[in-house]
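> Please read through the structure below; I'll follow up with questions.
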Amino acid sequence: MKVYVGLVSKGSAKAKEIRREGWGVVLVPELRRKFCPQTFPLYFIDNGAFSCWRRGEEFNSSLFLKTLEEASEYPILPQFVVVPDLVAKGLESLEFSLNWLDRLKREFPHFNYALAVQDGMSPENVEPYLKEFAYLFVGGTLQWKTKRGREWVKLAHKHGRKCHIGRVGTARRVLWARRIGADSIDSALPLFSLAKWERFRRALRETLQPELPLRGITWH
């Protein structure tokens with residue numbers, strides 16, 4: 001299972017630790033000036049919609065497209081790009097993403113694209129379009145994704161696609177994601193403190209033992 005954490009400065013101690021662990025980073029458009037592909041060869045590009053939504057702003061499409069233009073010149077391409085979505089908008093978000101995909105495949109055909117799924121979508125809604133994407137990106141609320149995550153992994157693998165799950169930063173979520181067969185996860189949470197970093201790293205090692213009990217590990 002591939003692991004991605006938040007973007008850090010290329011010369012920082014955390015950057016060295018990320019590389020030593022074999023993890024990647026999430027390239028968010030608003031932080032693209034901090035990114036160095038030589039330092040972080042394993043990465044994916046998020047569209048930044050969640051950050052804009054959290055701040056109460058409109059999606060910054062120009063910044064997203066600028067990031068893709070710059071990434072097209074990097075010596076190492078991202079694992080995937082998350083197609084723009086509408087946070088908490090269900091089927092409206094699906095239609096929005098499909099419309100964006102047409103443009104992205106015309107202008108940036110060299111990238112792999114991920115469809116963000118979230119509350120209000122079902123595998124039946126998404127399956128007809130899955131051939132257009134390389135990845136499913138499981139977003140949505142924590143309650144929804146932990147309840148439905150296994151279904152999305154199963155759907156992705158049924159069609160030979162990969163399934164990424166966002167906001168998997170606690171030990172228990174890591175164990176859960178590994179057990180349901182997620183191909184990759186991301187979270188910025190491990191960067192918040194040394195204790196969170198160590199719990200996250202320890203959980204990743206523990207997932208090699210699929211029958212390890214989950215008691216005593218919180219979802220927070």
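> To two decimal places, what compactness ratio does segment 54-182 give when its Cα radius of gyration is scaled by 2.2 N^0.38 Å?
Working: Rg = 14.7 Å, N = 129, 2.2 N^0.38 = 13.9 Å.
It is 1.05.
> With a cut-off of at most 14 other beta carbons within 10 Å, and DSSP calling the residue loop, which GluC sites (Glu not before Pro) in segment 1-107 qualify? Please list them. Spell out each step's value before the answer.
On the way: sites: E17, E21, E30, E57, E58, E69, E70, E73, E92, E95, E107; in loops: E57, E58, E73.
Within segment 1-107, the qualifying GluC sites (Glu not before Pro) (loop, at most 14 other Cβ atoms within 10 Å) are E57, E58, E73.
> Let me ask something else about it. Can you check how the C-alpha radius of gyration of the chain compares to 2.2 N^0.38 Å, as a plain ratio? Numbers along the way, then the final one.
Numbers: Rg = 16.7 Å, N = 220, 2.2 N^0.38 = 17.1 Å.
Rounded to two decimals, the normalised Rg is 0.98.
> Next question, about the same structure. Using Cα centres only, tell me the gap between segment 1-47 and segment 62-97 in whole Å.
Measuring centre to centre over Cα atoms gives 17 Å.
> Could you pull out the longest piece of the chain with no exposed loop trypsin sites (Lys or Arg not before Pro) in it, calling a site exposed if DSSP puts it outside H, G, I, E, B and it has at most 10 other Cβ atoms within 10 Å?
Values: sites that count: R55, R215.
That would be 56-214.
> Ok, one more. Å³ per residue of the Cα convex hull, for segment 5-46?
Working: hull volume 2.4 nm³, N = 42.
About 57 Å³ per residue, rounded to a whole number.
> Leaving out ligands and nucleic acids, and using a 1.4 Å probe, what accessible area per residue does the chain come to in Å²? Mind showing how you got there, number by number?
Working: 10920 Å² over 220 residues.
With all protein chains present, the chain gives 50 Å² per residue.
> Once you charge only the Cβ atoms, +1 for Lys and Arg and -1 for Asp and Glu, what is the size of the charge dipole of segment 30-114 about its Cα centre, to the nearest 20 debye?
Values: 10 positive and 12 negative charges, 42 e Å.
That gives segment 30-114 a dipole magnitude of about 200 debye.
> Summarise the accessible area of segment 1-123 (1.4 Å probe, protein heavy atoms) by the percent that is carbon and sulfur. Write down the numbers at each step before the final one.
Details: 2780 of 5710 Å².
On segment 1-123, the fraction of accessible area on carbon and sulfur atoms equals 49 percent.
The values are calculated or read from the model by the stated rules, or taken from the named source; none is laboratory data. Computed from a predicted model, the values in this text were never measured in an experiment. We place every Cβ from the backbone using ideal geometry, glycine too, and count neighbours over all the protein chains shown. Accessible surface is based on the protein model in full, side chains and every heavy atom, while ligands, DNA and RNA are left aside. Shrake-Rupley method; radii C 1.70, N 1.55, O 1.52, S 1.80 Å.
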